[in-house]
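Beneath this line is the structure, given in structure tokens, with notes to follow.
No value in this document is a laboratory result; all are computed from the given coordinates. Values in this document were obtained by computation on a predicted structure and should not be read as measured data. Cβ atoms come from the backbone with ideal geometry, glycine included; neighbour counts cover every protein chain shown.
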Amino acid sequence: MMRRLALFLLCFAVWIVLVWPPRDETGALRLADLSAGALAALLAAAVMREFTFEKTRGLLDPRRYLWLAAYGVVLLFYIVKANFDVAYRVLHPAMPIRPGIVKVRTSLRSASAITALANSITLTPGTLTVEATADGWLYVHWIHVTTTDPEEAARHIVSRFEWFISRIFA
Amino acid sequence: MSDTIGAVMLAVGILFNLAGCLGMVRLPDVYNRLQAATKCVTLGTCLVLGAVAVLTAGQSAAIALRGALCIVFIVITSPTAAHALARGAHASGVKLWEGSVADAYAADGEPGAAREETE
């Protein structure tokens, strides 16, 4: 029940941002918009059983949001780096690529943490997650493979995010 | 001031989108092309949306907020879609480019996320 309530509140918050501002020129609440949003959020919370939060305990822990903010900055740095990297490879006449799929291991276990990790890997230099298994193996397409050893590859690909994500999705 | 920042973001965003599109044309296989499509196009599009937010922040909080919200959604959905495409392509037998050096996923027999591995 708490999980659905949390999902409802999240959906409703997103809706309010979408229909911003919530008050019209006279200062009255725009009830039509808000009630439609409440209905949509209710429907989403009722139907999306699979996609709710895994647990609501600790959802309001401020430290997690601080880690998330710090992680956002780190991720942005790597995204920018990734873009220059790909742009360089694409624009270089000889196209210096050495692609392949390698596997790496992560110690993360919760589904949302692995999802966050896989998405972060996809957004960052030269790597794209092809598959993530439930027991923590990630198969990653790497545009410039320097090693096929899982441990060595994990140091290049995974370790820089794992530390943050394990704190955000504690 | 915010006009200048917005214009620069717009220009840089379009340049990254261009690099992403060039990558789609030049790179040799589905997986490499997805790399270009997810990285350059994500940042490029986010920069364009960010420019919209910066340029309209003074006049309309509504548009600026929507632009910012779209950035969040693109950052979440774009890598997810790329993953689904790469996995789907691999599952339907699309080969890696012949210059590729490794395919650990095929070597392990494409283990699915749903299947529990017995070690």
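Points to keep in mind about this one:
- Potential lengthening between A:Leu34 and A:Ala94 on full extension [0.36 nm per residue; Cα-Cα distance subtracted]: 16.0 nm
- Helix A:159-168 and the longest principal axis of the Cα set of chain A meet at an angle near 20°.
- Rg to Rh quotient for the stretch A:62-168, alpha carbon positions, Kirkwood Rh: 0.99
- Directionally averaged shadow of the stretch A:1-145, computed from the convex hull of its alpha-carbon atoms, nm²: 12.6
- The stretch A:76-82 - phi-based ³J(HN,Hα) in whole Hz, Karplus 6.51/-1.76/1.60, Gly and Pro as x: 4, 4, 5, 5, 4, 4, 4
- Spin-label model, A:Ala13/B:Ser2: points 7 Å from Cα along the beta carbon direction are separated by 2.4 nm.
- Fluctuation leader among A:Leu18, A:Leu75, A:Leu59 - chain A, Gaussian network, Cα springs under 10 angstrom: A:Leu18
- Computed per residue of chain A from DSSP H runs no shorter than four, each worth -39500 (n - 2.57), the mean residue ellipticity at 222 nm is -18500 deg cm²/dmol.
- In Hz, Karplus ³J(HN,Hα) per residue of the stretch B:30-43 (6.51, -1.76, 1.60; θ = phi - 60°; x = Gly, Pro): 3, 5, 5, 5, 4, 4, 5, 5, 7, 6, 5, 6, 5, 5
- For the protein assembly as shown, the number of Lys pairs with C-alpha atoms closer than 26 Å, counting only pairs eight or more positions apart or on separate chains, is 5.
- Across A:Trp20, A:Trp137, A:Trp67, mean-square fluctuation computed from a Gaussian network of chain A (C-alpha pairs under 10 Å connected) peaks at A:Trp20.
- Simple spin-label estimate for A:Leu60 and A:Thr26 gives 3.5 nm between the two label positions (7 Å along the Cα-to-Cβ direction from each Cα).
- With the cut-off at under 15 Å, measuring from each backbone N in the stretch A:1-41 to a point 7 Å along the Cα-to-Cβ line of B:Ala62 picks out A:16-34.
- FRET efficiency, A:Ala70 to B:Ser92 (Cβ-Cβ, R0 25 Å, nearest 0.05): 0.05
- Candidates A:Ala41, A:Ala132, A:Ala153, ranked by Gaussian network fluctuation over chain A, Cα under 10 Å, top entry: A:Ala41
- Principal-axis tilt of helix B:2-26 within chain B, Cα atoms, nearest 10 degrees: 20
- Taking every alpha-carbon pair in the stretch A:2-47 and binning the separations at 10 Å intervals from zero gives 30, 48, 19, 3 percent.
- Using distinct alpha-carbon pairs, which all enter the 1/r mean, Kirkwood radius of the protein assembly as shown in Å: 20.7
- Where the Cα pairs of the stretch B:2-92 fall when distances are cut into 10 Å bins, in %: 18, 40, 27, 12, 3
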